[in-house]
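Written below as structure tokens is the structure these notes are about.
The values are calculated or read from the model by the stated rules, or taken from the named source; none is laboratory data. All values derive from a computational prediction rather than experimental measurement. All Cβ positions, even for glycine, are placed from backbone atoms using ideal geometry, and neighbour counts span all protein chains on display. What goes into the accessible areas is simple: the full protein's heavy atoms, side chains included, and nothing from ligands, DNA or RNA. Shrake-Rupley method; radii C 1.70, N 1.55, O 1.52, S 1.80 Å.
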Amino acid sequence: QGLCPEHKNMLASSEYEFVASLFKDNEEEKQKEEASKGRRKSVSAFRFASLGNTFKGQLKELMTALSQTEPHYVRCIKPNNVNKPGIFETMNVLHQLRCGGVLEAIRISCAGYPSRNSFYDFAERFGLLCPSLYDEGLEDSQICEKLLELAKLEGHQIGKTKIFLKGGQMAMMDKLRTEKMNAAATIIARHLMSFVAKKNYKK
């Protein structure tokens, strides 16, 4: 008693008869042990199957819930160790970012193509940079290529259904878009002010 089966079997197969006789089981004990093993195996197998089915069902429910939502990953950073507002400890925050792998994740993301948009979404968002492209009857992928040439961006990749941009390139496109919209707003405001001024002058 107290020995694991491997050690017991090893001692039972000893070349010394006395040692082997101490650890040899009779047939009745062997049969009882095999029967108990069979019962334990069936119970454990049933329990394992039940736990497996339960886990599978819970995982399916989780994936269904996630597919119906838009999860966002949020990492909290402590600005200071004194738990007071208005205090920002630069080295402490930098240490947290390094230990949390945030800086490394950003570096890896920038080395790849963090910005990925479908041709339709990209053309719809930045098509105002050159509206004349829509008059040429081009496909969305061709419009995207023309827009990138217009912005003079390099290092991007054109896939089968999406366009892949390096880190910072989407920000550059948004900057050009904002400048274009501000210029258009200025023109509209100028014409409106001119119209109002002329109308007041005629009165």
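Structural remarks
- Probe 1.4 Å, accessible area per residue of the range 45-203, Å²: 79
- Pairwise FRET efficiency - ARG116 versus HIS95, Cβ, R0 = 25 Å, nearest 0.05: 0.20
- Extension gain for HIS72 to GLU15 (0.36 nm times residue separation, less C-alpha to C-alpha distance): 13.8 nm.
- Rh by Kirkwood over Cα pairs, then Stokes-Einstein D for the range 161-203 at 1.567 mPa s and 4 °C, µm²/s: 99
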